[in-house]
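Peer 1: The following block contains the structure, expressed as structure tokens.
Values quoted throughout were computed directly from the atomic coordinates according to the rules given, and no laboratory measurement underlies them. Quick caveat, the model's predicted, so the values are computed rather than measured. Cβ coordinates were reconstructed from backbone atoms using ideal geometry, including for glycine residues, and neighbour counts include every protein chain displayed.
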Amino acid sequence: MRLHLTLPRIPDIELVAIEGLERLARHLGIADDKVGEARILVAEAVTNALEHAGDTPPTVRVEFTLTTEEIVIFVQDRGKGFDPAAVEDPEITGKLGSSNKRGWGLKLMKSLSDDFRIESGSQGTTISIRKLLR
């Protein structure tokens with residue numbers, strides 16, 4: 001099953017993507033624990049993309065391909081891009097004493113996925129995530 005969405009940058013719009021994911025997963029009988037992990041992946045990927053989407057247009061493209069075996073999540077923005085290799089993993093001790101608690105999204109997505117890829121350049125960023133469901 002496949003679902004395509006184009007989400008505008010408005011508050012809490014990632015919930016639309018999560019709802020779509022949950023409905024597809026329920027239809028296929030996917031276990032709740034795997035759906036919960038996929039929800040986190042979608043929320044992080046969409047939230048990051050919307051934050052960095054740029055202004056023309058301020059939208060994010062989201063695509064899910066879901067089977068009983070796996071989910072593939074594709075999120076694309078049209079922002080200015082970044083160098084994924086330059087992003088340092090956050091350290092818990094440094095974050096605890098800091099007012100900036102953010103910066104966990106990429107690390108979290110990497111740890112919850114079975115395959116995680118980022119392609120980024122001046123035309124935007126694409127995140128591809130594969131999560132096994134068995």
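Peer 1: Around Gly121, under 13 Å between beta carbons, what's the net of Lys plus Arg minus Asp minus Glu among the other residues?
Peer 2: It works out to a net charge of -1.
Peer 1: Figure the gain on full extension for Asp12 and His27 (residue separation times 0.36 nm, minus the Cα-Cα span) and round it to one decimal in nm.
Peer 2: 3.0 nm
Peer 1: So what's the back-of-envelope 222 nm ellipticity for the chain, counting only DSSP H runs of four-plus at -39500 (n - 2.57) apiece and dividing by all residues, rounded to 500?
Peer 2: So the helix-based figure for the chain works out to -11000 deg cm²/dmol.
Peer 1: For the range 53-81, list residues with backbone N below 11 Å from a point placed 7 Å from the Cα of Leu132 toward its Cβ?
Peer 2: 70
Peer 1: Then there's this: For Rg and Dmax of the Cα atoms in Å, the listed values are [x] 22.4, 77; [y] 18.1, 58; [z] 14.9, 44; which was obtained by calculation from the structure presented?
Peer 2: Given [x] 22.4, 77; [y] 18.1, 58; [z] 14.9, 44, the structure-derived one carries the label [z].
Peer 1: Using θ = phi - 60° and the Karplus relation 6.51 cos²θ - 1.76 cosθ + 1.60, list the HN-Hα couplings for the range 124-134 in order, rounded to whole Hz, with x at every Gly or Pro.
Peer 2: x, 10, 10, 10, 10, 10, 10, 10, 6, 10, 10
Peer 1: Next question. When only Cα pairs under 8 Å and 6 or more residues apart are kept, what is the percent relative contact order across the chain?
Peer 2: 27
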